[in-house]
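These notes concern the structure reproduced below.
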Amino acid sequence: MSPIPASSRAMSIEYAIRDVVVPATRLEAEGHEIIKLNIGDPIAYSGLGTPRHMVDAYVSALISGDNGYSPSYGLPALRTAISVDETNKGWDCTSDDVYVTHGVTEALQILFSAVLTEGDRILAPGPHYPPYMAYPQMVGAVTEEYRLDPDNGWKVDIDDIRSRMDNDVRMLVLINPNNPTGAILSPSEVDEILRIVEEYPQCLVIADEIYDGLVYTGQHVSIASRSLKVPVVSMNGVSKVYYAPGWRIGYMALHDPSDSLVEVRDAIERLLRSRLCASTPAQMGYLAGLTGDRTWMEGHRAKVLERRQIALDRIEEINGLSVRPTGGAFYMFVRIDHPDYQDDKQFVLDLLHQEHVLLVHGSGFSPERGAGHVRIVHLADPDTLNEAFNRIDRFLNS
């Protein structure tokens, strides 16, 4: 019997961050212990748990029976709390501007479906988070990468953005702080990019700011707060800064200074209603995080900073690797300088099989602009991080 064919669009999707887990799982089944520095899940690393008051709110919702469907756009109290949080970042956000989703990935799927049609273009940084390449093609659109400069701290090449803009570009993506590079956009860079987009009234900006509470340079700004004319859709959620990735609660917040998103908003709401709602008890947990005490964040942030410094120091000592200090998030996009490794994916696979350390190949974030690099998550405890770098050093010296 011949197999039922799958869609070519679905079969072309790759997700490097989890794809490399497949051979690692096979090794674990054989009894090997793998040091996993591949996935940005803070819960997977010691000392970075979800704060207790958020967990208690989640559990309380379960015990009290708050397990029913919530409104499709999110719990009203949570939408209000998010709007207050966004307003505190410098722009006038109301609860009606906020839509709660199953993580930022669902927010992206909803937004792409609401806006993009066959042949539309979306500009995203290269390298970038893989769904920005995968999801638009599911609606017939095309993602085109604009350049991040590897020799200048992965700064945005604004001239490259300018050269790529035209009336077919419906979205410009800014990931700030950036995944996978950890780079930060300065306020002046944001302003210059927004001035370019102003010239194209059919284009909106996606501001992926899921790591905005993990910034080390002190210069992070909300992109919506800088925009007086350009529509900006801010993306954020509970996963990274609130250390609850498995809860799958994110949101999009629409900043529409020129009232150009009326139809887009209607389309978003139709799509959200059709898929019912996000998890009700998880929304209650996130609400507790937004409205409750946040002093715990400093302790978590101090641990992330300590581990970041260990990674920077160890990479500097290893012949064959190099990296620039990051500005935010908990990733490092490390250049492979070793003459024996031109293929970054082969580097990752050989390291995995020989030393049982799992990273992600840079070409998985961009075949062209990420090649020759690996992404390292620096969230493991100091002893584990040092052991991982000992193995990487040994591997490169073998």
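The values are calculated or read from the model by the stated rules, or taken from the named source; none is laboratory data. Owing to the predicted nature of the structure, the values given are computational and were not obtained by experimental measurement. Don't worry about glycine lacking a Cβ; one is built from the backbone with ideal geometry, like all the others, and counts go over all protein chains shown.
To keep it simple, each residue is scored yes or no on (1) surrounded by 24 or more Cβ atoms within 10 Å (Cβ to Cβ); (2) free of Cβ contacts under 8 Å to residues at least 60 places away in the same chain; (3) assigned to a loop (DSSP other than H, G, I, E, B).
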site	(1), (2), (3)
ILE196	no, yes, no
PRO201	no, yes, yes
ALA207	yes, yes, no
SER222	yes, no, yes
VAL230	yes, yes, yes
VAL233	yes, no, no
TYR242	yes, no, yes
ALA253	yes, no, no
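Quick one: is ASP166 farther than 30 Å from ARG308 by Cβ and in a helix (DSSP H, G or I)? It is false that ASP166 is farther than 30 Å from ARG308 by Cβ and in a helix (DSSP H, G or I).
Residue count for region 114-128, restricted to those that are out of contact with any strand residue (DSSP E or B) (no Cβ under 7 Å at 6 or more places or on another chain) and either modelled with pLDDT of 95 or more or of a type in the set (A, V, I, L, M) (or both): 1. Scoring VAL100 on the criteria (1) of a type in the set (A, V, I, L, M, F, W, C); (2) in contact with a strand residue (DSSP E or B) (Cβ under 6 Å, 6 or more places away or on another chain); (3) assigned to a helix (DSSP H, G or I) leaves a single failure, condition (3).
Comparison of ALA282, ALA288 shows that the only residue that is under 23 Å from TYR251 (Cα atoms), under 21 Å from the mean Cα position of the chain (by Cα) and touching a residue at least 24 places away in the same chain (Cβ under 8 Å) is ALA282.
Quick test for you: out of GLU145, GLU192, GLU106, pick the one residue that is without any contact (Cβ under 8 Å) to a residue 60 or more places away in the chain and either acidic (Asp, Glu) or at positive phi (or both).
Values: GLU145 fails: without any contact (Cβ under 8 Å) to a residue 60 or more places away in the chain; GLU106 fails: without any contact (Cβ under 8 Å) to a residue 60 or more places away in the chain.
Just a single option satisfies the conditions, and that option is GLU192.
Condition check ((1) in a helix (DSSP H, G or I); (2) more than 18 Å from LEU272 (Cβ to Cβ)) across all residues:
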{"site": "ALA10", "(1), (2)": "yes, yes"}
{"site": "THR25", "(1), (2)": "yes, yes"}
{"site": "GLY31", "(1), (2)": "no, yes"}
{"site": "ILE39", "(1), (2)": "no, yes"}
{"site": "GLY47", "(1), (2)": "no, yes"}
{"site": "TYR73", "(1), (2)": "no, no"}
{"site": "TRP91", "(1), (2)": "no, yes"}
{"site": "THR105", "(1), (2)": "yes, no"}
{"site": "ILE110", "(1), (2)": "yes, no"}
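Scanning region 38-94 for residues that are aromatic (Phe, Trp, Tyr) and more than 23 Å from ARG226 (Cβ to Cβ) yields TYR45, TYR58, TYR69, TYR73. The set of residues in region 34-72 being among the aliphatic types (A, V, I, L, M) and either under 26 Å from VAL348 (Cβ atoms) or surrounded by fewer than 17 Cβ atoms within 10 Å (Cβ to Cβ) (or both) consists of ILE34, ILE35, LEU37, ILE39, ILE43, ALA44, LEU48, VAL55, VAL59, LEU62, ILE63. For region 360-370, the condition of being under 19 Å from the mean Cα position of the chain (by Cα), hydrophobic (A, V, I, L, M, F, W, C) and assigned by TED's automatic domain parsing to the domain that holds ALA311 holds for at least one residue.
The rows are residues; the columns are (1) hydrophobic (A, V, I, L, M, F, W, C); (2) out of contact with any strand residue (DSSP E or B) (no Cβ under 6 Å at 6 or more places or on another chain); (3) part of a loop (DSSP other than H, G, I, E, B).
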residue	(1), (2), (3)
ASP313	no, yes, no
ASN319	no, yes, yes
SER363	no, yes, no
ALA371	yes, yes, yes
ARG375	no, no, no
ARG394	no, yes, no
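Scanning for something within 21 Å of the chain's Cα centre (by Cα), over 21 Å from TRP154 (Cα atoms) and not hydroxyl-bearing (Ser, Thr, Tyr), does region 317-340 turn up at least one residue? Scanning region 317-340, I find no residue that is within 21 Å of the chain's Cα centre (by Cα), over 21 Å from TRP154 (Cα atoms) and not hydroxyl-bearing (Ser, Thr, Tyr), so the answer is no. The residues on offer are ARG307, ARG248, and the sole one that is outside the structural domain of CYS203 (by TED's automatic domain parsing) and farther than 30 Å from GLN202 by Cα is ARG307.
Here LYS303 passes the criteria (1) more than 19 Å from PRO150 (Cα to Cα); (2) touching a helix residue (DSSP H, G or I) at 6+ places or on another chain (Cβ under 6 Å) except the one numbered (2). Of the residues making up region 73-90, those that are surrounded by 18 or more Cβ atoms within 10 Å (Cβ to Cβ), of a type outside the set (Val, Ile, Thr) and under 27 Å from PRO131 (Cα atoms) are TYR73, GLY74, LEU75, LEU78, ARG79, SER83, GLU86, LYS89. Looking at this structure, is ARG147 in a strand (DSSP E or B), more than 21 Å from VAL264 (Cα to Cα) and assigned by TED's automatic domain parsing to the domain that holds ARG226? For ARG147, the condition - in a strand (DSSP E or B), more than 21 Å from VAL264 (Cα to Cα) and assigned by TED's automatic domain parsing to the domain that holds ARG226 - is met. Scanning region 164-189 for residues that are surrounded by fewer than 24 Cβ atoms within 10 Å (Cβ to Cβ) and of a type in the set (Val, Ile, Thr) gives VAL169, VAL173.
Taking ILE82 as the residue in question, decide whether it is in the same structural domain as PHE365 (by TED's automatic domain parsing) and either under 30 Å from VAL374 (Cα atoms) or in contact with a strand residue (DSSP E or B) (Cβ under 8 Å, 6 or more places away or on another chain) (or both). Against the criterion (in the same structural domain as PHE365 (by TED's automatic domain parsing) and either under 30 Å from VAL374 (Cα atoms) or in contact with a strand residue (DSSP E or B) (Cβ under 8 Å, 6 or more places away or on another chain) (or both)), ILE82 does not qualify.
So, in region 364-384, how many residues would count as being touching a helix residue (DSSP H, G or I) at 6+ places or on another chain (Cβ under 7 Å), under 21 Å from ILE43 (Cβ atoms) and surrounded by fewer than 24 Cβ atoms within 10 Å (Cβ to Cβ)?
Matching residues across region 364-384 total 2.
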